[in-house]
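To start, the structure itself, in structure tokens.
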Amino acid sequence: MNRRRTLACLGLLTLLAGCGGGDDAGRVTLLNVSYDPTRELYREFNESFSQRWEQEHQQRVTIKQSHAGSGSQARAVIDGLDADVVTLALAYDIDSIQTKGKRLGADWQKRLPDNSSPYTSTIVFLVRKGNPKQIKDWPDLIRDGVSVVTPNPKTSGGARWNYLAAWGAVLRTELGNDWTKLDDPAAEQAVAAAQKKAEEYVRQLYKHVPVLDSGARGATNTFVQREIGDVLLAWENEALLAIKELGPDKVEIVIPSSSILAEPPVAVVDTVVDRRGTRQIAEAYLKYLYEEPGQELAAKHYFRPRNVAVLERHKDQFPALELFTIDQVFGGWKATHEQHFADGALFDRIYGSGSAAK
Amino acid sequence: MSFRQPSILPGFGLTLGFSTFFLSAIVLVPLAALVMKTATMGWSDFIRVVTDARALASYRLSFGASMLAATLNSVFGFIIAWTLVRYEFPGRKLIDSLIDMPFALPTAVSGIALTAVFAENGWIGQYLAPLGIKVAYTWIGVVVALTLIGLPFVVRSVQPAIAEVQRDLEDAAETLGAGRFTIFRRIVLPTVFPALATGFTLAFARAVGEYGSVIFIAGNLPMRTEITPLLIVIKLEQFDYKGAAALGFIMLTMSFVMLLSINLLQAWSRRRMVAAGR
Amino acid sequence: MAGGPSKEMLAEIASRPGRDTLISSAVKYVFIALSLGFLAALLFAPLATVFITALSKGWEMYFESFKDEDTLAAIKLTLTVAAIVVPTNTIFGIAAAWAIAKFEFRGKSFLITLIDLPIAVSPVISGLVYVLLFGAQGWFGLWLQERDISIIFAVPGIVLATMFVTFPYVARELIPLMQQLGNDEEEAAITLGAGGLMTFFHVTLPKIRWGLVYGVILCNARAMGEFGAVSVVSGHVRGLTTTMPLHVEILYNEYNFVGAFAVASLLTLLAVLTLIIKSLVEMKRK
């Protein structure tokens with residue numbers, strides 16, 4: 001009896017394995033593997049795109065969504081999650097899909113305009129209503145008695161942007177607005193001193209952090225629901241959404257004088273679309289993000305649109321501030337990762353570990 | 001001595017064969033993959049990863065908090081099991097059926113709910129905060145979460161054993177003038193102890209590996225409130241599968257040794273009982 | 001066994017000499033108070049949080065949460081997974097308990113420890129091992145890819161990970177029980193000419209029934225509630241590979257607290273369902 005039941009179970013397993021792949025005939029499915037804060041955006045965007053595609057091609061399309069932390073999503077794609085397109089938080093994560101999984105071409109970031117980032121965001125402060133601690137700019141965060149909530153940069157893409165924004169803001173104060181100085185041999189000493197200051201600042205900053213959540217949404221909940229901390233470092237889009245969802249009477253946004261231009265990139269996963277024959281539609285899907293309806297939806301869901309006309313229409317929502325890019329200040333993700341976030345790199349050293357490595 | 005002692009009962013080959021096969025397919029082959037992955041890294045790399053200061057701090061927290069949680073569970077789990085088996089009071093059935101809840105609640109939900117209760121603005125946290133006791137986002141929070149998820153193990157192991165304790169023996173002892181404590185030590189404890197040990201071990205083992213509920217309540221500060229499973233996740237986030245496998249391997253080995261020694265101890269005590277003619 | 005004392009038994013105990021002393025009733029109330037206090041802080045308060053949040057916007061909103069297509073898909077997936085995993089692990093548990101409890105052989109403690117092992121493995125690792133086996137970079141990755149079979153990031157992966165995590169529960173419940181009960185009655189049945197299966201169903205099963213029920217309840221509860229391991233192998237595709245626990249996380253992260261805790265509350269209710277059935281059966285028998 002045992003044997004027969006086992007066989008039946010194994011049979012069932014095989015059957016289920018069969019349903020894993022494959023599409024219904026006449027209907028295209030697309031899987032968009034994305035990170036946490038884009039859920040609301042893509043829910044609406046997918047509907048809009050499906051309508052457009054059906055009108056133009058008389059073909060029904062179903063877009064499946066997957067959301068989780070950016071890093072673990074990249075890992076899932078590397079390990080075989082069949083994503084037609086990826087829309088992640090950092091270029092580093094898509095780079096990893098390229099280098100570790102060989103699932104798309106090395107030139108992926110050049111294939112679409114604006115570094116393949118159809119929308120951007122930046123890092124701002126969320127404070128308690130009325131700003132009781134008078135937080136105005138980056139230096140205020142390390143004052144005595146101020147506590148700051150930010151997720152763990154080792155597990156959260158958003159948290160890396162937070163860290164880099166803080167670092168860059170110090171360099172901006174020390175060196176002025178001319179980022180070419182960083183590569184100028186003549187300014188070498190000034191740059192070294194500024195980098196030292198930035199490191200010291202970031203070190204101080206994390207001393208003011210009581211909780212390191214594993215993701216951006218977790219940090220927002222800790223700050224708003226549990227009422228931990230005086231300042232939350234957050235994506236601008238997350239901060240705006242949090243105000244809408246969790247109560248405009250509880251928290252408000254403070255825009256620092258300068259911050260980082262966060263560019264969440266998108267890409268078509270070559271090996272998957274070629275195998276499934278979905279390249280045309282996947283590319284159309286991403287292009288649609290750059291078109292006006294896509295840009296409008298991005299703005300509606302609090303991402304800064306690239307399209308100047310659309311941005312102009314929403315300028316009340318997106319106040320101007322000085323933005324620097326990761327390429328300008330840190331020389332791209334690869335270098336940044338090695339210097340700051342790898343095992344035993346700067347972030348680990350802040351917490352007094354990793355001394356054994358390197 | 002042969003591999004097994006003769007018995008007239010049938011089905012030894014079939015059942016042992018089937019369970020070993022199934023065990024291999026579901027548990028051993030996957031774990032072998034973990035060991036193999038660890039083996040692909042060099043010896044010196046392995047040592048460096050598993051003896052990193054941060055890893056050591058995380059073992060201290062993971063194993064220390066689990067030990068504390070399992071101990072708390074043994075004490076209170078015994079009291080709860082005793083109460084549920086021996087006493088009749090209103091709501092006993094309901095409470096009995098709620099004991100399994102920590103298993104059914106997704107660990108993330110337990111974590112979120114516990115944090116909500118024990119945060120400084122929570123139901124219980126607000127009364128503890130003036131006393132200077134912070135539970136959420138400290139190691140105490142870790143212990144609380146681990147205690148919750150291990151509770152059913154102890155209660156459910158001990159309940160049947162307490163039901164087994166022969167009341168007549170207790171009564172006889174009492175008639176003969178034995179004190180309450182003596183009865184407990186000489187009659188109750190020996191019967192219940194193996195079950196209590198099982199419950200303790202399982203609660204401990206489960207606590208060591210727990211991830212979902214702890215990350216919400218721990219605060220996750222490196223060197224202070226960072227558990228080993230979180231370090232594994234951090235390694236994974238960096239695509240460092242080998243490092244993750246190495247830490248997983250260390251945890252697995254420690255837990256295996258723990259479990260094996262308890263099981264050997266139990267087998268030994270059972271054999272002693274059998275030898276004494278029950 | 002864990003059903004508590006019967007009325008007659010309690011009455012009988014109460015009538016025994018020396019039972020009804022001041023100290024024994026003091027002990028009784030201290031025990032009850034300690035149990036309730038401990039459970040209140042650790043178990044009832046979080047549970048109450050779940051239900052109060054789920055109902056914070058009224059019953060209507062509570063039931064509204066279950067109309068969502070993705071939520072329904074998640075409930076279906078969780079029930080499917082439990083329907084495969086629980087019977088399989090029950091059969092394994094019975095077979096393993098028979099071999100281990102009824103026979104003496106070398107390496108028994110070692111075997112029991114291996115059965116215990118999944119409890120000790122961190123859920124993160126339980127998921128990871130299947131990625132190492134079946135992932136694109138894993139042992140069987142290429143082979144599976146060539147044949148277009150998906151295991152991880154699809155239902156089979158979720159079933160396997162859940163099976164791994166809930167593997168020990170039935171066996172763990174039955175082994176000590178069957179060891180305690182001994183072999184005498186089974187040996188008598190066999191001597192009298194009963195077959196193996198007949199002996200099991202007519203002699204062994206009635207004795208281990210409640211232990212088996214408890215094992216199944218625990219296994220089922222864990223199977224439906226598992227989060228960590230499944231989260232690693234699921235791929236998080238909405239409406240396709242999200243189980244109820246994963247869906248709870250998704251809803252929570254969407255700031256849909258009512259929806260998230262409504263699904264969580266349903267999960268707890270599903271888990272006690274088996275327990276309620278058991279109580280009903282017990283009551284009927286009396």
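Can you tell me which of A:Val86, A:Val77 is in a strand (DSSP E or B), open to solvent by less than 10 Å² (accessible area, probe 1.4 Å) and not hydroxyl-bearing (Ser, Thr, Tyr)?
Exactly one residue qualifies, and that residue is A:Val86.
Quick one: which residue in C:Ile152, C:Ile158, C:Ile125, C:Ile119 is touching a helix residue (DSSP H, G or I) at 6+ places or on another chain (Cβ under 9 Å), in a loop (DSSP other than H, G, I, E, B) and surrounded by 24 or more Cβ atoms within 10 Å (Cβ to Cβ)?
C:Ile152
Scan segment B:198-212 and give yes if some residue there is more than 10 Å from chain C (Cβ to nearest Cβ) and among the acidic types (Asp, Glu), otherwise no.
The answer is no; no qualifying residue exists.
So in segment B:97-131, with the set limited to residues that are of a type in the set (S, T, N, Q) and crowded, with 24+ Cβ neighbours inside 10 Å, which one is farthest from B:Val155 (Cα to Cα)?
B:Thr115
Identify, from the list B:Ile234, B:Ile187, B:Ile162, B:Ile183, the residue that is β-branched (Val, Ile, Thr) and within 16 Å of C:Ile125 (Cα to Cα).
Unique residue meeting the criteria: B:Ile234.
For the structure I just gave you, tell me whether B:Arg48 is more than 30 Å from C:Phe167 (Cβ to Cβ), in a helix (DSSP H, G or I), facing another protein chain (nearest Cβ under 7 Å) and touching a residue at least 24 places away in the same chain (Cβ under 8 Å).
No; evaluated as a whole, the condition is false for this residue.
So which residues in segment C:128-142 are away from chain A (no Cβ under 12 Å) and open to solvent by 30 Å² or more (accessible area, probe 1.4 Å)?
Correct list: C:Trp139 only.
Here are some conditions: (1) at the interface with another protein chain (Cβ under 7 Å from one of its Cβ atoms); (2) without any contact (Cβ under 8 Å) to a residue 24 or more places away in the chain; (3) touching a helix residue (DSSP H, G or I) at 6+ places or on another chain (Cβ under 7 Å). B:Leu221 meets all but one. Which one does it not meet?
All conditions pass for B:Leu221, except number (3).
Applying the selection to segment A:89-112, what residues are more than 23 Å from C:Gly135 (Cα to Cα), open to solvent by 70 Å² or more (accessible area, probe 1.4 Å) and part of a helix (DSSP H, G or I)?
Listed by number, the list holds a single entry, A:Lys110.
Can you confirm whether C:Ala97 is open to solvent by 10 Å² or more (accessible area, probe 1.4 Å), more than 7 Å from chain B (Cβ to nearest Cβ) and in contact with an Asp or Glu (Cβ under 9 Å, 6 or more places away or on another chain)?
No: the conditions fail for C:Ala97.
Could you give every pair whose Cβ atoms fall below 7 Å, whose first residue belongs to segment B:12-28 and is farther than 12 Å from C:Leu160 by Cα, and whose second residue is open to solvent by 40 Å² or more (accessible area, probe 1.4 Å) and modelled with pLDDT under 90, counting only separations of at least 6 or pairs across chains?
Every condition considered, the pairs that remain are B:Phe12/B:Arg4.
In segment B:79-137, which helices (runs of 4 or more DSSP H) lie fully inside it and hold 2 or more residues that are at the interface with another protein chain (Cβ under 7 Å from one of its Cβ atoms)?
Because the criterion is at least 2 residues that are at the interface with another protein chain (Cβ under 7 Å from one of its Cβ atoms), the helices (runs of 4 or more DSSP H) in segment B:79-137 that meet it are B:92-98, B:101-104, B:107-118.
Within segment B:172-182, can you find the residues that are closer than 13 Å to C:Ser24 by Cα and surrounded by 16 or more Cβ atoms within 10 Å (Cβ to Cβ)?
B:Glu174
Going residue by residue through segment C:174-185, is there one that turns out to be in contact with a helix residue (DSSP H, G or I) (Cβ under 7 Å, 6 or more places away or on another chain), within 22 Å of B:Leu265 (Cβ to Cβ) and of a type in the set (Val, Ile, Thr)?
yes
Going residue by residue through segment B:64-78, is there one that turns out to be facing chain C (nearest Cβ under 10 Å), surrounded by fewer than 20 Cβ atoms within 10 Å (Cβ to Cβ) and over 27 Å from C:Leu128 (Cβ atoms)?
There is at least one residue in segment B:64-78 that is facing chain C (nearest Cβ under 10 Å), surrounded by fewer than 20 Cβ atoms within 10 Å (Cβ to Cβ) and over 27 Å from C:Leu128 (Cβ atoms).
Which residues, taken from segment C:226-250, are more than 9 Å from chain B (Cβ to nearest Cβ), hydrophobic (A, V, I, L, M, F, W, C) and open to solvent by 10 Å² or more (accessible area, probe 1.4 Å)?
The one that is more than 9 Å from chain B (Cβ to nearest Cβ), hydrophobic (A, V, I, L, M, F, W, C) and open to solvent by 10 Å² or more (accessible area, probe 1.4 Å): C:Leu240.
Filter the helices (runs of 4 or more DSSP H) completely within segment C:1-60 down to those with at least 3 residues that are facing chain B (nearest Cβ under 7 Å) and at pLDDT 90 or above.
So the answer is C:22-39, C:45-54.
Using the structure shown, decide if A:Val266 is more than 18 Å from the chain's Cα centre (by Cα) and modelled with pLDDT of 95 or more.
No.
Let's see how each residue does on (1) touching a strand residue (DSSP E or B) at 6+ places or on another chain (Cβ under 6 Å); (2) under 18 Å from B:Pro222 (Cα atoms):
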{"site": "A:Phe125", "(1), (2)": "yes, no"}
{"site": "A:Gly130", "(1), (2)": "no, no"}
{"site": "A:Ile135", "(1), (2)": "yes, no"}
{"site": "A:Val146", "(1), (2)": "no, no"}
{"site": "A:Pro151", "(1), (2)": "no, yes"}
{"site": "A:Ser156", "(1), (2)": "no, yes"}
{"site": "A:Asn177", "(1), (2)": "no, no"}
{"site": "A:Glu188", "(1), (2)": "no, no"}
{"site": "A:Ala193", "(1), (2)": "no, no"}
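Before we move on, is C:Val81 of a type in the set (Val, Ile, Thr), within 10 Å of chain B (Cβ to nearest Cβ) and in a helix (DSSP H, G or I)?
So C:Val81 does not fit the description; no.
Among the residues in segment C:267-281, are any at pLDDT 90 or above and open to solvent by less than 30 Å² (accessible area, probe 1.4 Å)?
no
Just need a number here: residues in segment C:159-216 that are polar (S, T, N, Q) and without any contact (Cβ under 8 Å) to a residue 24 or more places away in the chain.
3
The values are calculated or read from the model by the stated rules, or taken from the named source; none is laboratory data. Quantities reported herein were computed from a predicted structural model and do not represent experimental measurements. All Cβ positions, glycine included, derive from the backbone under ideal geometry; neighbour counts span all protein chains shown. Accessible surface areas use protein heavy atoms only, side chains included; no ligands, DNA or RNA. Shrake-Rupley method; radii C 1.70, N 1.55, O 1.52, S 1.80 Å.
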